[in-house]
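First comes the structure, then the notes that go with it.
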Amino acid sequence: MKKILLGAVVALALATTGSATVNDQTGCGLGAMIIRDNSSAVMLALQATTNGIFGNQTFGITSGTLGCKKTQFVMNDRASEFVASNMDQLASEISKGHGESVDTLAELLNVQDKPAFASALQANYNKIYASQNAKMSDVLDNISTTAI
Amino acid sequence: MSFYEANADVHEYQKKADDLHLADERYWHLLLHFTGKESEIDDPKFFFTKNGKTDPQRELHATIDAFYNETTLDDNSSACRFPARLEWLKEKLELKDLPIVTCKKYDEIVKKLDPKSVTLVFPAAHINSPASMFGHTFLRINSSYNSKLLSYAINYAAAADPDKENGFIFAMKGLSGGYYGTYSLLPYYEKLKEYRDTEARDIWEYDLDLTPDETKKMLRHIWELSDTSSFYYFFTENCSYNMLWLLEVARPSLHLRENFRYQVIPLETVHVVEDQNIVKSKNYRASKRTELLAYEKVLGEDAKEKTLKLVHEKIALQDIVEDTSLSLEQKQVVLEAAIDLLEYEFMKSRIKKEEYIKRFHEISSARASLGKGTPLEIVTPPNPDNGNRALRTSVEQGWRDGKSTQFIGLRPAYHDIRDSSIGFMRGTQIEFLDFEMSYSDHKIQLEKATLVSLESLSQRSTFFPEFSWRMKTGFDKNFMDNDAHYIFTVGAGYSWGNEYGYLYTLADPFTYFNTNLQTGVGGSVGVVLDKSENFTTNLALTHRWYYAQKNQWLASLSENYRVNKNISLQFSYEYKDKEITPQKTYKVAFNYFF
């Protein structure tokens, strides 16, 4: 049995392309989403195949805002954490004017009218993301001053 | 009162536990992951006594003892580390005057997770990696928030260090139990980033009818496991299997694990859970890739090309915004698709982070200024639970060169491209240990014994110009003589498709391991028509050039009729050039999956 599996794995390793392992980086700005590093094709295939994980996904509830600048106006840890970990997803949904992350943020900020909130965010995109270097604290504070 | 002085009689409680036969109760065995012979937990930290792994009664006594003789009253106390055991023993034995402990970490987790219900999550296959069709499952613990993004995922996986291991070692160790499996708890959005976005796998969610109370029970037990590790076995004691333990702890009347003997294929756990009627509702989340393919459809040829050019900077953003040939709606869609594609390219490391952020910001900003649009519609594909079960048995009546021939086949896993693709990713195949025997003229013969066969026929599109590949190793009867021979082949090519079906062309170098090696290369074209829900037509034509200057044609045509989820009829014709006369086989097959 082991030999068979060995064959399978080797063959798979030979025959698969794609790339890389997952590098779990959260940050405070755009582009801190999960990205791949440039290691081998084989790893991804094996990872997907064997349900393994690389790196240390831990058991625990880290805040996800470590090292981020604090918000000035919004005192909501859960919202800070959510925004810090979903910067890209949120920016893209705000630009489109709808999405699950926008709805989630509305719920966290106790905003009742979600469609109106989404529209307000979209209309104020350039104020919320004043620059490409906008950080979580800027985004959340700007949201509180423009869309709520 | 000092906590060192146990003012209740531990022995009395132990005796009461014996009188009640608590050590024989199913729930106690579930808490210990005890399977009748021993516990599947390999970590000594999980037990209070050395024999705990094999002796539930002794472990029960030791647990009672530990709860009354705490050496510390904080997070490291026995009561804080084993809240499920504590809760159950308190209830069964009416434990009194237990030392008072403060469980800061555990309380924090319970507060943050706010456990209300449970969802079984299945990330489906990953394109170009058919082996991932085996998939993965994990549990999501839903809170009282409406947004599911705020729930937490409990995941079990082999922990490996990529800096220290190469892929081959990882695979070998993963299969043979060389890694420790550990649990992790992460926000669900992190899991979505990992599977839905980075790995581009569609996500299927199955909401279970567990009550808040049962969910809380489960979380207590998860906490007991948080710090322990066990050997991870890819085929048996894997991610999906361990989720079954958790569900049984939540509701002990569920019997899930006993449906599995030899291997636990993740999708099979979905079938088993459904058989128990505990699935309340189902939900689909399209992967980034699926979303982009849906954008391709909405865009149309011209706009699609423009989107690609925009992402690759062959056209300026301003030109799109000012393009008079595009309507406002089209511009909205072009920019939305561009944002998604840009993200995808970034996740694949095809563009640098600085570049990505700059362009992402520009395009998002431009999109926002175009105002409200129509949300992209994505059609939910057939649920994987509509796909056939893993194990296939076949009975076939055939006529080979005019002679009546009977065939029987057995394939433990899993799917091939001639089967109905309902519930599976189109163009993917994964077969393990596919056996077929034939009977004719009072002779029994081996027809095939495939060890592994994988195919990934990934249909090319504007955004995803991917290639296709396949490999096979095992015995087949496609060689020039009439016997089964061992072959190893890996090939690559391209595939294109539309709603009616797909076609492919591949070049497959191969080697037969006969008394002397016979090498060659095959060129194939094939068509698969799968528009109809119940009929799948498959046509394949191969020409082989052998190094030893032989040539050979192989052709096959099959029609698969899906009677229901687990029964299919297949009519096929095969033509094979042989050294003397060509061999022609007609077959009618009855397939049953379970």
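The values are calculated or read from the model by the stated rules, or taken from the named source; none is laboratory data. Everything numeric here is computed off the predicted structure, so don't read it as measured data. With ideal geometry, Cβ positions are generated from the backbone for all residues, glycine too; neighbour counts draw on all protein chains shown. Accessible surface areas use protein heavy atoms only, side chains included; no ligands, DNA or RNA. Shrake-Rupley method; radii C 1.70, N 1.55, O 1.52, S 1.80 Å.
For the stretch B:4-104, which helices (runs of 4 or more DSSP H) that fit wholly inside it have 1 or more residues that are touching a Phe, Trp or Tyr at 6+ places or on another chain (Cβ under 6 Å) and more than 30 Å from B:Glu258 (Cα to Cα)? Result: B:10-19, B:56-68, B:78-81. It is to be established whether one or more residues within the stretch B:211-227 are out of contact with any helix residue (DSSP H, G or I) (no Cβ under 6 Å at 6 or more places or on another chain), more than 10 Å from chain A (Cβ to nearest Cβ) and at pLDDT below 95. No, every residue in the stretch B:211-227 fails to be out of contact with any helix residue (DSSP H, G or I) (no Cβ under 6 Å at 6 or more places or on another chain), more than 10 Å from chain A (Cβ to nearest Cβ) and at pLDDT below 95. Within the stretch B:473-521, the set of residues being open to solvent by 50 Å² or more (accessible area, probe 1.4 Å), without any contact (Cβ under 8 Å) to a residue 24 or more places away in the chain and under 26 Å from the mean Cα position of the chain (by Cα) comprises just one member, B:Asn498. Of all residues in the stretch B:301-315, those satisfying the criterion of being in a helix (DSSP H, G or I) and open to solvent by 30 Å² or more (accessible area, probe 1.4 Å) are B:Glu301, B:Asp302, B:Glu305, B:Lys306, B:Leu308, B:Lys309. In the stretch B:98-119, of all residues being touching a Lys or Arg at 6+ places or on another chain (Cβ under 9 Å) and closer than 14 Å to B:Arg220 by Cβ, the one that is surrounded by the fewest Cβ atoms within 10 Å (Cβ to Cβ) corresponds to B:Val110. Remark: B:Gly373 falls outside the filter, which requires a residue to be assigned to a strand (DSSP E or B) and either within 23 Å of B:Asp508 (Cβ to Cβ) or open to solvent by less than 60 Å² (accessible area, probe 1.4 Å) (or both). Each residue in the stretch B:273-312 was checked for being in contact (Cβ under 8 Å) with a residue 40 or more places away in the chain and acidic (Asp, Glu), and 4 pass.
Determine whether the stretch B:451-469 contains at least one residue that is charged (D, E, K, R), open to solvent by 40 Å² or more (accessible area, probe 1.4 Å) and within 30 Å of B:Asp401 (Cα to Cα). Among the residues of the stretch B:451-469, not one is charged (D, E, K, R), open to solvent by 40 Å² or more (accessible area, probe 1.4 Å) and within 30 Å of B:Asp401 (Cα to Cα), which makes the answer no.
Filter the stretch B:257-300 for residues that are part of a strand (DSSP E or B) and of a type in the set (Lys, Arg); which is surrounded by the fewest Cβ atoms within 10 Å (Cβ to Cβ)?
Only one residue tops the list, namely B:Lys280.
Taken as a whole, the condition of being within 23 Å of B:Ser461 (Cα to Cα) and within 12 Å of chain A (Cβ to nearest Cβ) applies to B:Leu342.
Taking the criterion of being free of Cβ contacts under 8 Å to residues at least 24 places away in the same chain and among the hydrophobic types (A, V, I, L, M, F, W, C), the only residue of the stretch B:69-111 that qualifies is B:Leu86. Scanning the stretch A:87-112 for residues that are of a type outside the set (A, V, I, L, M, F, W, C) and part of a helix (DSSP H, G or I) returns A:Asp88, A:Gln89, A:Ser92, A:Glu93, A:Ser95, A:Lys96, A:Glu100, A:Ser101, A:Asp103, A:Thr104, A:Glu107.
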